[in-house]
1. How do the pairs read when you match residues in segment 200-215 that are in contact (Cβ under 8 Å) with a residue 40 or more places away in the chain and closer than 12 Å to G173 by Cβ with residues anywhere that are outside any strand (DSSP E or B) and among the small types (G, A, S), using Cβ under 9 Å and keeping only pairs 6 or more apart or on different chains?
2. Go through (1) at pLDDT below 95; (2) over 25 Å from G91 (Cβ atoms) and name the single condition M187 misses.
3. Just a yes or no: is a residue in segment 172-182 in contact with a His (Cβ under 6 Å, 6 or more places away or on another chain) and at pLDDT below 95?
4. Being touching a strand residue (DSSP E or B) at 6+ places or on another chain (Cβ under 8 Å) and part of a helix (DSSP H, G or I) narrows it down to one residue among L110, L84, L90; which is it?
5. Of the residues G135, G87, G142, only one is surrounded by 15 or more Cβ atoms within 10 Å (Cβ to Cβ) and of a type outside the set (A, V, I, L, M, F, W, C); which?
6. If you check G165, G150, G155, which single one turns out to be modelled with pLDDT of 95 or more and exposed (fewer than 15 other Cβ atoms within 10 Å of the Cβ)?
7. How many residues, within segment 197-218, are of a type outside the set (S, T, Y) and under 18 Å from the mean Cα position of the chain (by Cα)?
8. Filter segment 22-69 for residues that are outside any helix (DSSP H, G or I), among the hydrophobic types (A, V, I, L, M, F, W, C) and surrounded by fewer than 18 Cβ atoms within 10 Å (Cβ to Cβ) and give the result.
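The values are calculated or read from the model by the stated rules, or taken from the named source; none is laboratory data. Predicted, not measured: the structure shown is a model, and the values here were computed from it. With ideal geometry, Cβ positions are generated from the backbone for all residues, glycine too; neighbour counts draw on all protein chains shown.
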Amino acid sequence: MPYNGPVRPDVTSPDALIFDLDGTLWDAAAASTFGWNLALEEMGLPQRITDEGIRSVSGRPFPECAARLLPGLMPIPHATLDHLEEGERLGIERIPGDLYPGVAEGLPRLAERYRLFLVSNCPGWYLEAFFRHRGLQEHFTGWDCYGMSGVPKAGMLQDLAAAHGLQRAVYVGDTQGDHAATEAAGMTFAFVEYGFGRVEDAPLRFSNFPEIVGHFLA
């Protein structure tokens, strides 16, 4: 359903805060790197992935991540993608991601005033692992991810706005792709400088999560 809210909502009084996951709420790069490299080794492939490589593709659907990190394997067979994803899943189970400072304390406080949502390009199992490991699900009104809906991030944001009647939502993320998706969805973007990407022209910027809490609870 199309989003009918204003192109530039009034960010002084948002009616919801929507969060990205990787690079915004937690950093699970080490776990993903472990899982990818385990899968590559099991398949007898010489390529290896680094934490920085994982961070560089954060926020993209899994097949696109694989294409960017393993261009020498293109076109990547579906069986290889499946094995890489299973490896990452094992990595997340063994090495849960680290919440950024202030997230565990700040989300419950924000949830007292705002409806909170989570929208990510991650697989469905990944989002479930985040909730299971960190126990923050109760603070979110709703969520969506590429693995659940198969919809690009802008579409997920539009669908969420339509389903919950959001008119002045702010999306909090860490990449230029997040910014572009937010603009396409007719929402306002808040950039977290501590994340994985760089955005020069974000209307809102925060250097840490407590700053987000302080700004929206002021």
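1. Correct list of pairs: I212/G102; I212/G106.
2. Result: M187 passes all but (1).
3. Checked against the condition, which is being in contact with a His (Cβ under 6 Å, 6 or more places away or on another chain) and at pLDDT below 95, segment 172-182 yields no hits at all.
4. Criteria check complete, one pass: L110.
5. G87
6. G165
7. 10
8. Passing the criteria: M43, L45.
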